[in-house]
1. In terms of the Cα gyration tensor, with a ≥ b ≥ c the square roots of its eigenvalues, is segment 62-111 rounded because a/c is under 1.5, prolate because a/b exceeds b/c, or oblate?
2. If R₀ is 30 angstrom, what is the calculated FRET efficiency for the pair ASN98 and GLU166, using the beta carbon separation as r and rounding to 0.05?
3. With a Förster radius of 22 Å, plug the Cβ-Cβ distance of GLU82 and SER134 into 1/(1 + (r/R0)^6) and report the FRET value to the nearest 0.05.
4. Note the full-extension length gain between LYS58 and ARG31 as 0.36 nm times their separation in residues minus their Cα-Cα distance, in nm to one decimal.
5. Rounded to the nearest 0.05, what FRET efficiency do LEU106 and THR40 have when you use their Cβ-Cβ distance and R0 = 30 Å?
6. With θ taken as phi - 60° and the coefficients 6.51, -1.76 and 1.60, list the Karplus ³J(HN,Hα) couplings across segment 77-82 in order, rounded to whole Hz; mark glycine and proline as x.
7. For segment 33-148, what does the convex hull of the Cα positions come to per residue, in cubic angstrom?
8. Under the rule of at least 5 residues apart or a separate chain, name every residue whose amide H is placed under 5 Å from the amide H of CYS46.
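No value in this document is a laboratory result; all are computed from the given coordinates. Quick caveat: nothing in here was measured; it's all calculated off a predicted structure. Positions of Cβ are generated from backbone atoms using ideal geometry, with glycine treated the same way; all protein chains shown enter the neighbour counts.
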Amino acid sequence: MLQDRNQRIEAVLAGAKAAGRLAIDLLLPPRCLACGVLVTEASSICPDCWSSLDFITKPYCASCGYPFEYEVGEAAVCAGCEASPPRFDRARAAMRYNEASKPLLLRLKHADKAELAPVLVRFMARAGQELLGSADVIAPVPLHRWRLLRRRYNQSALLAKSLAAEAGRPFLPELLVRRRNTPPQGQLGREGRKRNVAGAFAVAPTHAEAVVGRRVLLVDDVMTSGATANACAVVLKRAGAEEVMLLTVARVVLA
Ligand SMILES: [Zn+2]
Ligand SMILES: [Zn+2]
């Protein structure tokens, strides 16, 4: 009885919230998803931001997706992958991490993402078309539980869920779990990042079967050094995954 009533109250509150939102949407003019200037169309990016976004297209490294200046053949890999081959098979990103894409990623983390996520998913679906086509399962790179609580949700899971729905592939939100709480990567160099994430992930025991012989597509917001993707790939391969791929909104491209 009491539960019934609570459910009814919740439904009423949710309805009121949705109605309120609609009213706000009607009152407030649409703003650029990246910089916040007024734009004519809802859920769009202003021309200035748009022209500064640096979408990554072919040619790029067959392995990590690093963009090349010139066509060098479909199977060519970059100097970094040549020197130290990544543990994942393929990584692709929709755009370079730069001054224009940074605010998009920040807003995805901290602000209202209901409007932003579908736009980013569209960019990702285009950049990751081949990966989405060959993936058997799609999963996010996990956040540790306390970070999940503080941030209240995992933006990578949100992106992965939409991509999985779009590609018609199973979405496994808890395929990978963090074994320990790694400090934020921001201040660390390449070696530090590697040490920081090694052993940080595990395949959830309940999903051990789901990866054997499968092609796993991991989704994250940004690829920095590739250390996180490598650490995830190591445990997935050890668990029997046939291929491990990574699709991100953006990636850092060092000159
Ligand atoms: Zn803008
Ligand atoms: Zn590469």
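1. In terms of gyration-tensor shape, prolate.
2. 0.70
3. Efficiency computed from Cβ-Cβ geometry: 0.40.
4. 6.6 nm
5. Efficiency, rounded to the nearest 0.05: 0.80.
6. Per-residue couplings from phi come out as 10, 6, 4, x, 6, 5 Hz.
7. 149 Å³
8. Those lying under 5 Å, H to H, from CYS46 are LEU33, ALA34, CYS35.
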